[in-house]
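First comes the structure, then the notes that go with it.
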């Protein structure tokens, strides 16, 4: 699943989150930022935000 | 990409829009979204080109400063999270369909299946058309090939070649000439380049000219070095696809266990001994002979016009929209 060990308690999470579960504080901060910018109040619509996500991930050739 | 591609289709209900966004085809988008995607892709791919007018273009599209900040945060977050995924080897969850989990081709990569894989006979004909009907001389194509080869070597070494040791193994034909062009660019870029010739006599005229340029720069051919961070294999091209001669075979054996990037095809392919390349940079079109070869496969533009492929009778969806070097496998 990943090249590094993960916290067994994170097994049910999306792989992107469990991948860095060994640093629980970073994982928590990551999730908070993600929720804020993708689902929080914003002049950008959900479609616009998801479109940026796709454009960046594609430009990075990031499959996940 | 897969996760948010699915989310974008879900939120927008528009697959064509999602496809245009994923391919960076901003010309198919309108208004705010067009400006946002252009900003996102430019900041991601070419951060060193960013300047104040990039933000002005977002304002012109009707975004206020709070919206611009939010857009920047989303771009920055996805660059962060993409590095997490690529740097820790995060794989898609098992519940995604197998074809989605296997497929990966978006930006500077083109799915190999979309391109024609030429027989060596077709490749010879394509080269003939380029030279005789378009006036693209061997020298012109060789310069493009060698420059792209130097660029791929730079990428494989992490983006910086200064102070790195690179051995360029050159045959006596056109493939060797391309390797010598790469040797020139890599030397100019500050790499410690060792040029090794399979044999010193019987060089093709263009290859001999390239060697002469290198000599004038103080780069003289010699023996294989004790150490090389990367080996450039430019020993044999597609027109020399038979079993390697003894002098070439010796150099091929020397590459074993080293990091190698091959020009056009791994030398000795389908024979013994042969080069095992970490990456191969094939020129102009993929060749069928490369279908089962291990390692990464890149395709480089040597500027052959679309009309030449048409004349050959093969469908040619232009693969170089995003880069002169694209990964095809």
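Computed packing ranks the peptides B:125-136, A:13-24, B:212-223 as A:13-24, B:125-136, B:212-223, most packed first, by mean other Cβ atoms within 10 Å.
Note on region B:46-92: Cα Rg divided by 2.2 N^0.38 Å, N the number of residues, gives 1.47. Every Cα-Cα pair of region B:200-320 was included, and the share exceeding 20 Å stands at 52 percent. Mean per-residue shielding of peptide B:29-42 is 3, counting Cβ atoms of other chains within 10 Å of each Cβ.
Rg over Rh for the protein assembly as shown works out to 1.03, both radii taken from alpha-carbon positions and Rh defined as the Kirkwood radius. Across chain A, C-alpha contacts under 8 Å between residues 6 or more apart give a mean separation that, scaled by the residue count, equals a relative contact order of 18 percent.
Between residue B:15 and residue A:29, the modelled labels are 4.1 nm apart [label points 7 Å from Cα along Cα→Cβ]. Peptides A:53-60, A:34-41 ordered by packing proxy, namely the average of other Cβ atoms within 10 Å per residue, highest first: A:53-60, A:34-41. Across chain B, the mean sequence separation of Cα contacts (distance under 8 Å, 6 or more residues apart), normalised by length, yields a relative contact order of 16 percent. Of all DSSP-defined beta bridges confined to the protein assembly as shown, some 10% are antiparallel rather than parallel.
Working note: 222 nm ellipticity from helices only, DSSP H runs with n ≥ 4, each -39,500 (n - 2.57), summed and divided by the residues of the protein assembly as shown, gives -14000 deg cm²/dmol to the nearest 500. Here, chain B yields an orientationally averaged convex hull projection of 19.7 nm² when only Cα atoms define the hull. Computed on region B:19-63, with alpha-carbon pairs under 8 angstrom and 6+ residues apart, the relative contact order is 35 percent. Along its first, second and third principal axes, ordered by size, region B:92-249 spans 59, 42, 31 Å in Cα coordinates. Our compactness index for chain A, the C-alpha radius of gyration over the empirical 2.2 N^0.38 Å, is 1.29. Gaussian network model of chain B, Cα springs within a sub-10 Å range: biggest mean-square fluctuation belongs to which of B:151, B:99, B:28? Evaluated over chain B, the most mobile residue of the options is B:99.
In region B:34-144, the C-alpha radius of gyration followed by the widest Cα-Cα span (Dmax) gives 21.6, 59 angstrom.
Values quoted throughout were computed directly from the atomic coordinates according to the rules given, and no laboratory measurement underlies them. What you see is a predicted model; the values in this text were computed from it and never measured. Cβ coordinates were reconstructed from backbone atoms using ideal geometry, including for glycine residues, and neighbour counts include every protein chain displayed.
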